[in-house]
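The values are calculated or read from the model by the stated rules, or taken from the named source; none is laboratory data. Predicted model only: the values in this text are computed from it and were never measured. Cβ placement follows ideal geometry from the backbone for every residue including glycine, while neighbour counts extend to all protein chains displayed.
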Amino acid sequence: MHNLAILAVILGLLGFIGFIWQALKLPREQRSLKSVFNIYGSWLINPISWLFIVSLVLIFYVYWNR
């Protein structure tokens, strides 16, 4: 379980860094979370968001099976 918790934190950090990277690729006036979703797709389409989704699932799995 400890390894899954570490994996969840790493995936969450990669997802956060990915969102920042996607936002920084936009022009300054468009840098917002809403613009990232409008340009790169919704939660289900954007591959970076799947890092967050998988990390949340792992966190809940580790929490309920401790």
Can you tell me which residues in segment 1-36 are more than 18 Å from Ser55 (Cβ to Cβ) and surrounded by 14 or more Cβ atoms within 10 Å (Cβ to Cβ)?
-> Ala23, Leu26, Arg31, Ser35
Residue in segment 37-66 that is nearest to Asn3 (Cα to Cα), counting only those that are of a type in the set (S, T, N, Q) and surrounded by fewer than 13 Cβ atoms within 10 Å (Cβ to Cβ) | Asn65
Could you grab the pairs with beta carbons closer than 8 Å, sequence gap of 6+ or different chains, first residue in segment 28-42 and aromatic (Phe, Trp, Tyr), second one modelled with pLDDT under 80 and in a loop (DSSP other than H, G, I, E, B)?
-> Phe37/Trp43; Phe37/Asn46; Tyr40/Asn46
Can you run down the residue pairs with Cβ atoms below 6 Å, 6 or more apart or on separate chains, where the first is in segment 1-17 and among the small types (Gly, Ala, Ser) and the partner is in a helix (DSSP H, G or I) and surrounded by 14 or more Cβ atoms within 10 Å (Cβ to Cβ)?
-> Ala5/Val62; Ala8/Ser55; Ala8/Leu58; Ala8/Ile59; Gly12/Ser55; Gly15/Ile48; Gly15/Leu51; Gly15/Phe52
